[in-house]
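Some notes on the structure that comes next.
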Amino acid sequence: MTRKIGITGQQGFVGSHLYNTLGLSPEEFERVDFHKDYFENPAMMDAFVGQCDVIVHLAAMNRHPDPEVIYRQNTGLVKQLVDSLERTGSRAHVVFSSSSQEERDNLYGKSKKEGRQLLAKWAENSGGRFSGLIIPNVFGPFGQPNYNSFIATFCHKLTHNETPVIDMDGEVKLIYVGELVQEMLYQIKSGETKAEYTVPFTASVKVSEVLEKLQSFKELYFYGGEIPELKTPFDYQLFNTFRSYIDASAHFPVKLTRHSDPRGVFVEIIRLGIGGQCSFSTTVAGITRGNHFHTRKIERFAVIKGKALIQLRKIDSEEVLDFYLDGAEPAYVDMPVWYTHNIKNIGEEELYTLFWINEPYDPEDADTYFLEV
């Protein structure tokens, strides 16, 4: 049976990742779109709530110069949701994102704790189901710098010629946004009421260690095009996060160095701190390959002969990035996660392309989702 799922804060950092992940399983989940102005219109809010089997409440304010504004906004949004749940007689499963700051002496943490308790009380009185998730610090691709996490801020600064500054160095407990989404899906599928559930962190690392890794990524990858050695899941997650802050339209295509002598031409495509799979293709004139995206894989397309158009589009955006490559000047484009991409032979001769991807193809876990650019 398909579950109808709505997400308040659908366009936010965690909300957009959850929304896009739900879209990978249309046979299991039907997404009910939410717009933030529903909070200002009780009729529209009720119409939204009335459709949903599951509501994931993520809408919240994280930062503001006045902490009282954060407190009033966050508790106010929960109260509006509860009012709508009561007006509609909903018995939906509500999943709420609280924070590990609940026990800290600040108004943001207080607003999250009180919001969780209000929803737990609604579920107890109404017979609805409730999952109150207490979540550690979240990081991942497309987070908003100076708002969502220090990692987002560091990544943005390093890829935009700015210098990150550590305000306070200490051990931070982290969870990757993809792992958090999987935890939310587990709670949705289980359907159990857990009024207070602490989501386990998946990495614990000092702020200075994170910055050191990111600076290494900048030196090796951003400047040198080398895929660095990635020893742990956290390293992969941090590297894909870093890559998401690169302005692809300005960075790619990256020209490769040709070495010529009487024997012919030699071109180095990629240097690796990790393994992976290399392959090549020939493509006849007018044919397009690809039109798919990945959620975790690291992939490079290098054109060595012929003329190609490589296109990228973030799956929840209409903006298409066009890159024109010519084997006369070999170059490459790397594929960011959550960007659907393709390559088309726009010349008159065969197109020769070399591909590298960080993991061999596994049909049981392909991480390949087809979508037209």
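General remarks:
- Residue in the range 72-89 that is under 25 Å from PHE201 (Cβ atoms) and in the same structural domain as ALA120 (by TED's automatic domain parsing) present: yes
- Whichever residue in the range 230-264 is farther than 24 Å from GLN311 by Cα and loosely packed, with under 11 Cβ neighbours inside 10 Å and, among such residues, is farthest from the chain's Cα centre (by Cα): PRO262
- The number of residues in the range 33-47 being closer than 21 Å to LEU185 by Cα and either buried (at least 21 other Cβ atoms within 10 Å of the Cβ) or at pLDDT below 95 (or both) comes to 1.
- Residue list for the range 147-162, restricted to those being in a loop (DSSP other than H, G, I, E, B), out of contact with any Asp or Glu (no Cβ under 9 Å at 6 or more places or on another chain) and in contact (Cβ under 8 Å) with a residue 12 or more places away in the chain: TYR147, ASN148, SER149
- Scanning the range 134-154 for residues that are hydroxyl-bearing (Ser, Thr, Tyr) and out of contact with any Gly (no Cβ under 8 Å at 6 or more places or on another chain) turns up TYR147, THR153.
- Qualifying residue in the range 310-327 (condition: assigned to a strand (DSSP E or B), in contact with a strand residue (DSSP E or B) (Cβ under 8 Å, 6 or more places away or on another chain) and small (Gly, Ala, Ser)): no
- For GLU268, the conditions (1) surrounded by 12 or more Cβ atoms within 10 Å (Cβ to Cβ); (2) modelled with pLDDT of 95 or more are fulfilled apart from (2).
- Lone qualifier among VAL303, VAL337 - being closer than 18 Å to ASN358 by Cβ and either assigned to a strand (DSSP E or B) or hydrophobic (A, V, I, L, M, F, W, C) (or both): VAL337
- Of all the numbered requirements in (1) surrounded by fewer than 17 Cβ atoms within 10 Å (Cβ to Cβ); (2) assigned by TED's automatic domain parsing to the domain that holds MET335, SER216 misses one, and that requirement is (2).
- Residue ID - surrounded by the most Cβ atoms within 10 Å (Cβ to Cβ), chosen from residues in the range 157-173 that are out of contact with any helix residue (DSSP H, G or I) (no Cβ under 6 Å at 6 or more places or on another chain) and within 16 Å of SER244 (Cβ to Cβ): THR159
- Residue in the range 64-79 that is buried (at least 20 other Cβ atoms within 10 Å of the Cβ), of a type in the set (A, V, I, L, M), within 25 Å of GLY23 (Cα to Cα) and touching a residue at least 60 places away in the same chain (Cβ under 8 Å) present: no
- Of all residues in the range 324-343, those satisfying the criterion of being touching a Ser or Thr at 6+ places or on another chain (Cβ under 8 Å) and either in contact (Cβ under 8 Å) with a residue 60 or more places away in the chain or hydrophobic (A, V, I, L, M, F, W, C) (or both) are PRO336, VAL337, TRP338, ILE343.
The values are calculated or read from the model by the stated rules, or taken from the named source; none is laboratory data. Here the structure is a predicted model, which means the values were calculated and not measured. As a convention, Cβ positions derive from the backbone with ideal geometry for all residues, glycine included, and neighbour counts pool all protein chains shown.
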